[in-house]
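Q: One structure, as structure tokens, below. Some questions next.
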Amino acid sequence: MEAPGLREDGSFDMPVTEEHIGAGLLDSISSGMYPNVYDILREYIQNAIDAHAAWVRISITKHEVTILDNGDGMGLAELDNARKVGVSGKPGTGKVGFRGIGVYSSFAVCDQVEVVSRPKSGDGIFRLHFDHAGVRAETERVSGGRRNTPPLSATLDRHTRIFPGDEKAVPKEAGDGAFTYIRLIRPTQHFRARLNDEAKVRQYLTSSVPLNFPEAGFEHADEVRGTLENWVPTLNLIRIHYRFGNGQDEVFTQPRVSNVLRPVFRVVQTKSGVTVGFIWACVSRSRSQLEPEEARGFQMRFRGFGINNRRFPKVFWPSRGGGQLYEWVTGEIYVLDETLVPTVDRANFEEGESRDRLYDLLKKVFDGFEKVVSRRREALRNIERGAEELGPPGRLSKGRKDVQKGLTTLGKLRSEFASNP
């Protein structure tokens, strides 16, 4: 190789070209960023929420997985942008996605992807086709003992196409408005089996996705939702209609929680008054753990989507009593500090000063929660125990003293733990 010329800074004049980025990158990023196949669903749900969808319909069959939303839809320019890799365009927009992977998240779990969409502008219907199997065949081809690594841009040009759409391709549930309809064609057996596991799908969606509250079964839903709308700029709660391979339909919402007190709200602020989080919480009305079990504890959320699961925030809960009173509370922690960045698996935030500051503040807030729950449990215990030992009417027995003590404590807690931010 003849030595190239030099640049002004003294380096060789050897620019990076498309040959430096092979098509094998797609498999690396899709497999590396989405080791949990449910994260692939989350990626598409994120796109629907970014498009202001109110609902998403997911259907699993033997030959394809379909995802339909009633969001703003995409025109030619947006569909072309969807073909880009590692170019998100979302930071600073209040939208969820930030790593620029998008539709390529399903690269390793299906042979083809089709995206049919009608934009809100009503400019027509368009169809984007990805031939994932074709890309994989190119990158897996071996010649002369060496794996073929064609340039990524040239490979995508050969295996992605945008076509005029057809009304026949529009599912009836889309109606006449804007929509996006995604078909993951010929999914792998493993992917399909995982998406048909109702228990695991339920567990994942209720913790990871900003689901709307149930229409019935949680009496404080309107109050919580209304308060969140005032404090969480990126709030967009969504309904998910899910059809399993056996034809069973399920509507996923947040857990139905009964027998809890009115919600309490807390703004999480730094000493300088910077708001970094917002919390709502409901405490079990009775002197027992909250039901159902999957509603116990707090779900941490960033831009609406879950960070880890409800067990994760227990590390901030005081250890008094073995942390058992954590099981008496249900709620959510909305993280509002935009300097934080979730880890790829969304099990935590990336390390840094902002994360340390948030977690220190959460420990203080949870310490206050724990003290109130502990005092309330003790007050209920006094009332229950005293009621069993009231003694004759008109006589100030020990039982009556216990009841009065418990009622006094509840009155103080009511004034100290007012239901407002």
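Q: Return the residues of region 201-247 that are hydroxyl-bearing (S, T, Y), farther than 17 Å from A53 by Cβ and either within 13 Å of the chain's Cα centre (by Cα) or at pLDDT below 95 (or both); say none if nothing qualifies.
A: Our first condition is that a residue be hydroxyl-bearing (S, T, Y); within region 201-247, this holds for 204, 206-208, 227, 234, 242.
Subset that is farther than 17 Å from A53 by Cβ: 204, 206-207, 227.
Hits for region 201-247 are Y204, T206, S207.
Q: Can you tell me how many residues within region 351-363 are surrounded by fewer than 18 Cβ atoms within 10 Å (Cβ to Cβ) and in contact with an Asp or Glu (Cβ under 7 Å, 6 or more places away or on another chain)?
A: Of the residues in region 351-363, 1 are surrounded by fewer than 18 Cβ atoms within 10 Å (Cβ to Cβ) and in contact with an Asp or Glu (Cβ under 7 Å, 6 or more places away or on another chain).
Q: Considering each of R266, R239, R262 in turn, give the residue that is within 26 Å of K364 (Cβ to Cβ), of a type in the set (K, R) and in contact with a Phe, Trp or Tyr (Cβ under 9 Å, 6 or more places away or on another chain).
A: R266
Q: Go through region 115-128 and count every residue that is in a strand (DSSP E or B), open to solvent by 20 Å² or more (accessible area, probe 1.4 Å) and more than 11 Å from L76 (Cα to Cα).
A: First, the residues of region 115-128 that are in a strand (DSSP E or B): 115-118, 126-128.
Next cut, open to solvent by 20 Å² or more (accessible area, probe 1.4 Å) only: 118, 126-127.
Now restrict to residues that are more than 11 Å from L76 (Cα to Cα): none.
Residues meeting the conditions: 0.
Q: Looking at this structure, is E332 under 22 Å from the mean Cα position of the chain (by Cα), modelled with pLDDT of 90 or more, closer than 30 Å to T409 by Cβ and among the charged types (D, E, K, R)?
A: Working: under 22 Å from the mean Cα position of the chain (by Cα): yes; modelled with pLDDT of 90 or more: yes; closer than 30 Å to T409 by Cβ: yes; among the charged types (D, E, K, R): yes.
It is true that E332 is under 22 Å from the mean Cα position of the chain (by Cα), modelled with pLDDT of 90 or more, closer than 30 Å to T409 by Cβ and among the charged types (D, E, K, R).
Q: Would you be able to tell me the number of residues in region 307-350 that are open to solvent by less than 20 Å² (accessible area, probe 1.4 Å), assigned to a loop (DSSP other than H, G, I, E, B) and over 15 Å from L361 (Cβ atoms)?
A: Final tally of qualifying residues: 1.
Q: So, of the residues in region 163-195 that are open to solvent by 60 Å² or more (accessible area, probe 1.4 Å) and assigned to a loop (DSSP other than H, G, I, E, B), which turns out to be modelled with the highest pLDDT?
A: If we take residues in region 163-195 being open to solvent by 60 Å² or more (accessible area, probe 1.4 Å) and assigned to a loop (DSSP other than H, G, I, E, B), then D176 is modelled with the highest pLDDT.
Q: Turning to a different aspect of this structure: All but one of (1) part of a strand (DSSP E or B); (2) more than 15 Å from the chain's Cα centre (by Cα) hold for Q299; which doesn't?
A: (2)
Q: If you don't mind, another one. For region 249-296: of the residues being within 16 Å of Y204 (Cα to Cα), without any contact (Cβ under 8 Å) to a residue 40 or more places away in the chain and in contact with a strand residue (DSSP E or B) (Cβ under 7 Å, 6 or more places away or on another chain), which is surrounded by the most Cβ atoms within 10 Å (Cβ to Cβ)?
A: Filtering first and then ranking leaves R296.
The values are calculated or read from the model by the stated rules, or taken from the named source; none is laboratory data. Worth saying up front: this structure is predicted, and the values here are computed from it rather than measured. Glycine also receives a Cβ, built like all others from the backbone with ideal geometry; neighbour counts cover every protein chain displayed. The area values use the complete protein model at the heavy-atom level, side chains included, leaving out ligands, DNA and RNA. Shrake-Rupley method; radii C 1.70, N 1.55, O 1.52, S 1.80 Å.
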